[in-house]
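For reference, the structure is listed below as structure tokens.
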Amino acid sequence: MAFLNIRNSYAARHPLRGVLVNLLLLLACAFLILGLKLPLVSIEKLWFFGNTVSLLSAISQLWQGGEKSLAVLIGSFSLLFPVIKLLLLFYIWNLEDASSPGHGKHLKWLNTYSKWSMLDVFVVALLVVTLKLGMLAKAQVEFGLYAFAASVILTMLLSAWMGQHTGDN
């Protein structure tokens, strides 16, 4: 398994950067978990009915409500893609042999995933704007949305930085 050479990974070659990047990856993971579990938005309808919605609960409610294709779409962009991207960042930085033939392919995958990163935040933002425009509902953005956005932005910055600095071997 020549592609898996920890001694020739970027983290091993650059120990100080390795620690910093891994701390930022852990922070991005923590923000992602918080963003998925904590409420994204609190909705107040007719001044006395209230509800808080997290990303995971919204996906679950869509699925149970028969909107399976929408649940899969939002789940893919909001859950699956961010997790795959974090795993790919961790793999490229810590485990992959920097001189392996597949390294360039993995950097291209990372670049491809990066292009879709903000779509999930955009979808959630559209949901909040739609709710705020409703006459009978009032929406309040909660910490979960900020945590989720922080995770997406942090992974975007890390992937852009890795894309530029992993060529310096």
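Numbers below:
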item: Count of residues meeting criterion [assigned to a helix (DSSP H, G or I), surrounded by 13 or more Cβ atoms within 10 Å (Cβ to Cβ) and of a type in the set (Ser, Thr, Tyr)] in the range 68-116; result: 5
item: Residue within the range 40-59 that is among the acidic types (Asp, Glu), farther than 30 Å from residue 97 by Cβ and in contact (Cβ under 8 Å) with a residue 12 or more places away in the chain present; result: yes
item: Odd one out for residue 122 among (1) surrounded by 18 or more Cβ atoms within 10 Å (Cβ to Cβ); (2) modelled with pLDDT under 75; (3) of a type in the set (Phe, Trp, Tyr); result: (1)
item: Meets criteria (outside any strand (DSSP E or B), in contact with a Leu (Cβ under 6 Å, 6 or more places away or on another chain) and either modelled with pLDDT of 85 or more or closer than 22 Å to residue 153 by Cα (or both)) for residue 57; result: no
item: Of all residues in the range 37-67 being out of contact with any strand residue (DSSP E or B) (no Cβ under 7 Å at 6 or more places or on another chain) and aliphatic (A, V, I, L, M), the one that is surrounded by the most Cβ atoms within 10 Å (Cβ to Cβ); result: 59
item: Top-ranked residue in the range 97-112 [being charged (D, E, K, R) and at pLDDT 75 or above; ranked as nearest to residue 154 (Cα to Cα)]; result: 108
item: Residue satisfying condition, being at pLDDT 85 or above and more than 30 Å from residue 9 (Cα to Cα), within set 145, 136, 158, 131; result: 145
item: Any hit, the range 13-26, residues being closer than 15 Å to residue 152 by Cα, out of contact with any His (no Cβ under 9 Å at 6 or more places or on another chain), exposed (fewer than 15 other Cβ atoms within 10 Å of the Cβ) and at pLDDT 90 or above; result: yes
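The values are calculated or read from the model by the stated rules, or taken from the named source; none is laboratory data. These figures come from a predicted structure and were not determined experimentally. FYI the Cβ positions are ideal-geometry reconstructions off the backbone, even for glycines, and counts take in every protein chain you see.
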